[in-house]
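Chemist: The structure that follows is given in the form of structure tokens.
The values are calculated or read from the model by the stated rules, or taken from the named source; none is laboratory data. These figures come from a predicted structure and were not determined experimentally. A quick note on method: Cβ atoms are made from the backbone with ideal geometry, for glycine too, and the neighbour counts reach across all protein chains shown. These area figures cover heavy atoms from the full protein model, side chains too; ligands, DNA and RNA do not enter into them. Shrake-Rupley method; radii C 1.70, N 1.55, O 1.52, S 1.80 Å.
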Amino acid sequence: MMQSLKYWLAEHPSIVNFRWSHTQSFGSTWSFLFAAIAVYIVAVITLHSFLSLILSKSRRIPLGPIPAIHSLCVSLISAVIFVGILYSAAAEIRDTRWFWRRTKTISTPFQWFLCFPLGTRPSGRVFFWSYVFYLSRFLHLFRTFFTILRHRKLTFFHLFNQSILLWMSFLWLEFSQSFQVLAILLATLLYSVVYGYRFWTAIGLPSACFPFVVNCQVVLLACNLISHFGVIFLHFLKGGCNGMRAWGFNSVLNGVILILFLNFYVKMHLRKKNVEDIDGNSNSSSSSSSSSSSSSSAHGCSRSDIKFE
């Protein structure tokens with residue numbers, strides 16, 4: 001069973017012989033990337049503006065099981081990419097150790113996860129899964145439309161974040177950027193958990209008593225930030241990592257995403273604190289509300305936590 005899984009995820013000829021090519025790989029041209037992002041932004045803004053004109057903000061458009069199915073698909077695809085690139089990374093490390101000794105830029109598998117040797121080309125197993133990850137980013141874009149249809153919400157952070165993540169996954173392939181294997185492993189692990197949780201709650205099962213999705217995003221951003229310092233260290237210590245110009249550009253974009261996310265995170269906690277203060281005042285003025293609050297605390301959940309999740 002394990003051998004069969006390894007073959008289909010890491011040793012199949014179409015995976016081993018993969019090559020990122022502008023003429024053979026779907027969505028591999030700059031014109032396609034710019035057009036896709038432009039169409040996404042225009043479609044999202046148009047839909048949001050149109051619904052704001054014809055419907056009240058409180059009215060939701062029922063989508064049935066579509067969001068749940070979408071979350072399940074993203075979770076399963078992310079899990080497959082995670083396992084596939086993990087097997088592929090192990091195979092690439094096994095097959096390219098001889099190249100490390102020639103370049104003298106890296107000496108351990110962990111260093112390879114952070115720093116590709118100079119001259120690395122976008123071909124082979126890990127770049128196949130990087131390409132699948134790039135294509136899967138288009139599936140993530142549908143969540144923006146679900147949010148607009150159900151909640152009539154469109155934030156600059158969400159629009160910017162989705163567009164930039166698509167852009168960055170393209171740059172990973174185009175410039176054989178270092179750090180992408182570890183970044184994909186971290187991202188797909190988080191997506192499989194987060195979208196699995198979203199599917200769990202979408203079918204009516206109980207949600208967490210804390211902002212689960214936001215906390216997972218904090219963990220991912222923290223891991224990426226720490227890993228970036230590792231890339232810089234290896235780049236200057238070992239004589240250079242491949243694709244560092246693209247890495248520098250992506251680092252700036254990641255920094256912008258981090259600032260926007262921290263701004264959102266701080267606002268969320270301030271809003272949560274205000275809600276808790278209001279609840280505390282109302283609880284002190286009425287014994288019935290105090291009893292309700294005690295019952296909620298006994299189950300480990302507060303209304304503000306559930307609201308934000």
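Chemist: Using θ = phi - 60° and the Karplus form 6.51 cos²θ - 1.76 cosθ + 1.60, what ³J(HN,Hα) does each residue of the stretch 186-198 get, whole Hz, x for Gly and Pro?
Modeler: Couplings: 5, 5, 5, 4, 5, 4, 5, 6, 5, 6, x, 5, 5 Hz.
Chemist: In whole angstrom, note down how far apart the Cα centers of the stretch 125-154 and the stretch 30-56 are.
Modeler: 14 Å
Chemist: Counting only heavy atoms of protein chains, what accessible area per residue, in Å², does the stretch 128-203 have with a probe of 1.4 Å? Don't jump to the answer; show the numbers that get you there.
Modeler: Values: 2560 Å² over 76 residues.
Heavy-atom SASA per residue in the stretch 128-203 reads 34 Å².
Chemist: Where does the charge balance sit around Ser52 when Lys and Arg score +1, Asp and Glu -1, over other residues with C-beta under 13 Å from its C-beta? Please report the intermediate quantities before stating the final value.
Modeler: Values: positive: Lys57, Arg59, Arg152, Lys153; negative: none.
Charge balance in the 13 Å sphere: +4.
Chemist: Could you work out how much longer the chain between Thr96 and His12 gets when fully extended? Use 0.36 nm per residue separation minus the Cα distance between them, nm to one decimal.
Modeler: Working: separation 84, 0.36 × 84 = 30.24 nm, distance 1.78 nm.
Gain on extension, Thr96 to His12, equals 28.5 nm.
Chemist: Whenever you get a sec, compute what percent of the accessible area on the stretch 191-275 sits on carbon and sulfur atoms (1.4 Å probe). Before the final figure, lay out each step's value.
Modeler: Working: 3480 of 4700 Å².
Within the stretch 191-275, the accessible surface is 74 percent carbon and sulfur.
Chemist: Go through Trp247, Leu225, Val193 and say which Cα lies farthest out towards the positive end of the charge dipole of the stretch 128-252; charges sit on Cβ, +1 for Lys and Arg, -1 for Asp and Glu.
Modeler: Val193
Chemist: Sticking with this structure for a sec: Place a label point 7 angstrom from the Cα of Phe264 along the Cα-to-Cβ direction, then list the residues of the stretch 123-143 whose backbone nitrogen is under 12 Å away.
Modeler: none
Chemist: Which of the trypsin sites (Lys or Arg not before Pro) found in the stretch 140-231 are in a DSSP loop and have at most 13 neighbouring Cβ atoms, other than their own, within 10 Å?
Modeler: Numbers: sites: Arg143, Arg150, Arg152, Lys153, Arg198; in loops: Arg152, Lys153.
Here the trypsin sites (Lys or Arg not before Pro) that fit, given the DSSP loop and packing criteria, are Lys153.
Chemist: So how do 236-242, 48-54, 126-132 stack up, highest first, on mean other-Cβ count within 10 Å? Intermediate values should be presented prior to the final figure.
Modeler: On the way: 236-242: 16.1, 48-54: 12.1, 126-132: 24.4.
With the highest mean Cβ count within 10 Å placed first, the list reads 126-132, 236-242, 48-54.
Chemist: Work out the charge dipole of the stretch 19-129 with +1 on the Cβ of Lys and Arg and -1 on the Cβ of Asp and Glu about the Cα centre, then indicate which of Thr23, Leu55, Val83 is farthest towards its positive end.
Modeler: Farthest towards the positive pole: Val83.
Chemist: With a ≥ b ≥ c taken as the square roots of the eigenvalues of the C-alpha gyration tensor of the stretch 172-268, please select rounded if a/c is under 1.5 and otherwise prolate if a/b is larger than b/c or oblate if it is not? Write down the numbers at each step before the final one.
Modeler: Values: a/c = 2.90, a/b = 2.01, b/c = 1.44.
Prolate is the answer for the stretch 172-268, as a/c is 1.5 or above and a/b outweighs b/c.
Chemist: On to the next question. Return the FRET efficiency for the residue pair Phe249, Ala43: r is the Cβ-Cβ distance, R0 is 25 Å, and the value is rounded to the nearest 0.05. List each step's numbers first, then the result.
Modeler: Working: r = 26 Å, r/R0 = 1.04.
The computed FRET efficiency comes out at 0.45.
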